[in-house]
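Down below is the structure, laid out as structure tokens.
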Amino acid sequence: MVREGSSIDKALAVLEAIAEHHRITDIAAATGVSKSTVHRILQSLVEWGFARTDGNGGYEPGPRILTLAGRVMSRFDPARQAAGALRALHERTGFTTHFAIRSGDEAVYVEKLEGRRPYQMPSRVGMSLRLYCTAIGKAVLAQLDDDEVRAICARTELVRLTPNTITGEEELLAHLSRVRALGYAVDDEENVPGIRCVGAAVFDHTGQVLGGISISTLAMDLERDALRDLAPEIVSAAREVSLALGAPTTLTLR
């Protein structure tokens, strides 16, 4: 619903509503704007190319929306959009904070904020990471169907990197089921000996998993229970990042 008397708010509400509703009556009900006002706004949107008639007495998004969206996405930098939420997480925890985006059967770090510790994590922006043995990677895999995870496993050798690395497909699927239930993933020295991480998935404007964020530290600095205690911070930050990237506000994790 929009504020009474705000013509700009009403126009924006109608513009947003035509993504899901086509009839004037439905748009009016969804926005709380009178049908006569909705009709006038739609006529203006049609003239500007932001809406068009669908031939059945209704309206749909116009070509100018696609043109504008294309221009925006060509300049869209996920790391820049996520910067505020990542900095806040870094400040709250003091641990190294990562943001990685899925790229095929792996993920790539696009942002790293070094922790306030007398050491640095062996990671860097542009570095790729495995999906099956990292916190971000497992958070991503948990948002995929089991068949897609199996396909990734078939293309990717599940190499044992540490004594804790999961190398069996069925064991990984069972583990991912627990990740889905929790809403976050833990890398308990599974990728690099002596390093623990906790991560959560990040979603794009379509509601699909884009990548994930995590915090990392030396295992000696953070016990397993303490790491899990930090999980709500990471989950909350991941949601903030997702919303900054345009994810639906009604987004729910699988």
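The values are calculated or read from the model by the stated rules, or taken from the named source; none is laboratory data. Quick caveat: nothing in here was measured; it's all calculated off a predicted structure. With ideal geometry, Cβ positions are generated from the backbone for all residues, glycine too; neighbour counts draw on all protein chains shown. These accessible areas exclude ligands, DNA and RNA; they are computed on the full protein's heavy atoms, side chains included. Shrake-Rupley method; radii C 1.70, N 1.55, O 1.52, S 1.80 Å.
Protein heavy-atom surface of the chain, 1.4 angstrom probe: 52% of the accessible area is carbon and sulfur, with nucleic acids and ligands not counted. Which angle between 0 and 90 degrees, to the nearest 10, do you get for helix 7-17 versus the longest principal axis of the chain when only C-alpha atoms count? Once rounded, one gets 60 degrees. Dipole orientation for the chain: of the candidates Cys197, Gly49, Val159, Gly49 has the Cα lying most toward the positive pole (charges on Cβ; Lys, Arg +1; Asp, Glu -1).
A Förster distance of 41 Å, applied to the separation of the beta-carbon atoms of Asp147 and Trp48, puts the FRET efficiency at 0.40. Across segment 78-95, coupling constants 3J(HN,Hα) worked out from phi with the 6.51/-1.76/1.60 Karplus curve, θ = phi - 60°, read x, 4, 5, 5, 8, 4, x, 5, 5, 4, 5, 5, 4, 5, 6, 9, x, 9 Hz, and Gly and Pro carry x.
A simple spin-label model places the labels of Met220 and Arg124 2.5 nm from each other, with each point 7 Å out along Cα-to-Cβ. Axis of helix 35-48 versus longest Cα principal axis of the chain: the two differ by about 80°, to the nearest ten degrees.
Taking 26 Å as the straight-line reach from the Cα of Lys10, the lysines in range (excluding those fewer than 8 positions away in the same chain) are Lys35. Ignoring lysines fewer than eight residues from Lys138 along the same chain, the ones with Cα atoms less than 28 angstrom from its Cα are Lys112. Between Phe99, Ala85, Leu113, the Cα set farthest toward the positive side of the dipole of segment 74-116 (charges on each charged residue's Cβ, about the Cα centre) is that of Ala85. Around Arg23, under 13 Å between beta carbons, what's the net of Lys plus Arg minus Asp minus Glu among the other residues? Spelling it out: positives minus negatives among the neighbours equals -3. Once the C-beta distance of His39 and Thr67 is scaled by a Förster radius of 22 Å, the resulting FRET efficiency is 0.35 to the nearest 0.05. Each peptide among 186-192, 219-225 gets the average number of other Cβ atoms lying within 10 Å of its residues, and from highest to lowest they stand as 186-192, 219-225. Taking θ as phi - 60° and the Karplus parameters 6.51, -1.76 and 1.60, the scalar couplings of segment 236-243 work out to 5, 5, 5, 5, 4, 4, 4, 5 Hz in sequence order, x denoting glycine and proline. By how many degrees, between 0 and 90 and to the nearest 10, does the Cα long axis of helix 146-155 differ from the longest principal axis of the chain? In the chain, helix 146-155 runs at an angle near 50 degrees to the longest axis. Taken per residue, the accessible surface of segment 95-159 reaches 45 Å², heavy atoms only and a 1.4 Å probe. Each label was represented as a point 7 Å from its Cα along the Cα-to-Cβ direction; for Ala83 and Thr250 these points are 3.3 nm apart. Given the C-alpha centroids of segment 1-60 and segment 75-99, what is the distance between them in whole angstrom? First find each Cα centre; the distance between them is then 36 Å. Using 1/(1 + (r/R0)^6) with R0 = 30 angstrom and r between the beta carbons of Arg160 and Ser103, what's the FRET efficiency to the nearest 0.05? Plugging the Cβ-Cβ distance into 1/(1 + (r/R0)^6) gives 0.80. A crude spin-label estimate for the pair Thr167 and Thr206, with each label 7 Å from Cα along the Cβ direction, gives 3.6 nm.
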